[in-house]
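Read-outs throughout are calculated quantities, based only on the coordinates presented, and are distinct from any laboratory measurement. Source: prediction; values computed, not measured. Cβ: placed from backbone, ideal geometry, glycine included. Neighbour counts: every protein chain shown.
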Amino acid sequence: MNEFPRDRKWEMVVFDIDGTLMDFEGFDAKMIPLIRKLEDIGLIVSLASGRTLPNITPIMQSLALSGFIVAENGGIVWDSIEGHEIRVLADGSRSEKAAKWLATKIDGFDEKGIESNRWRETEWCLGPNENYEKMCELLNDSEWSDLLVVKTGFAIHIISSLIDKSVGLKIALEQRGINPLNVIACGDGPNDIPMFDTVGWSVAIDSKFEEVVDASDYNTEKNGKSGTIEFIEKLIQILE
């Protein structure tokens, strides 16, 4: 792993949510004051997730964060604190139609996908147990070849090939006037890799995806929420 750059003016930490800040059991109570401590020492905390905007907004508000939201894997950007309007960067209707088409090709395929699809605007999400490889193979040779299939560990997303977390993150950072090299990003899934490639320092919170670990600058010893707590504690020690 690369050595943490201590001579840079760090301005922001961007966290993925599922598998990083929380899991099916919610937050770890130890994490919340640590996140607040990051803000107290001068680091803006933002969220970048595959979740929908209505799902992320209450998390942002409950943690009283001063950053922005990148939702739907980069498809939606909202920086209400700075007064910017919601940016919707893709049309999710093609993804939904592609899912319906896949249901005609794959036995047992659930085209309705996960419950939060009712709020999605730029993509469509299927359950994590759908046949990812078959989905990729079929879409690559179809009229939907402009779409990507992205797995996160919590769901499988069908999304425009022009959208990923780095696309939304770059827009949000430009609106804030923040240099990406002064940003730290933390995540656990393959959908976090484009974000890792954009920022000055990246942290893989879990080792379950080898490609995520390889793309990161640092990999925590612990996984999931415990790994995030481990990293935040180390970061606070360095920056205080």
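Things worth noting here:
- Listed by Cβ neighbour count within 10 Å, with the fewest neighbours leading, 157, 84 appear as 84, 157.
- Partner lysines for residue 37 [C-alpha distance under 16 Å; skip if fewer than 8 residues away on the same chain]: 234
- Isotropic mean projected area of the C-alpha convex hull, the chain (nm²): 12.3
- The local environment of residue 114, defined by Cβ-Cβ distances under 14 Å, has a net charge of -3 under the rule Lys, Arg +1 and Asp, Glu -1.
- Using the average count of surrounding beta-carbon atoms within 10 Å as a protection proxy, the listed peptides 34-42, 184-192 rank, highest first, as 184-192, 34-42.
- Extension gain for residue 103 to residue 84 (0.36 nm times residue separation, less C-alpha to C-alpha distance): 3.0 nm.
- Exposure proxy ranking, count of Cβ atoms within 10 Å, fewest first, for 239, 53, 138: 239, 138, 53
- Subtracting the Cα-Cα distance of residue 115 and residue 213 from 0.36 nm times their residue separation leaves 32.3 nm of extension gain.
- Under 13 Å from the Cα of residue 208 - aspartates and glutamates, other chains or at least 8 residues apart: 188, 221
- Rounded to 5, the percent of DSSP beta bridges in the chain classed as antiparallel: 45
- Estimated [θ] at 222 nm from DSSP helical runs (n ≥ 4, -39500 (n - 2.57)) normalised by residues in the chain, nearest 500: -9500 deg cm²/dmol
- Label point 7 Å beyond Cα of residue 55 along Cβ direction - residues of region 8-38 with amide nitrogen under 20 Å: 14-28
- Given their separation in residues at 0.36 nm each and the Cα-Cα distance between them, residue 143 and residue 162 gain 5.2 nm when the chain is fully extended.
- Legend: calculated FRET efficiency, residue 40 to residue 93, from the Cβ-Cβ distance at R0 = 45 Å, rounded to 0.05, equals 0.55.
- For the chain, the longest principal axis of the Cα atoms and the long axis of helix 53-62 meet at an angle of about 20 degrees.
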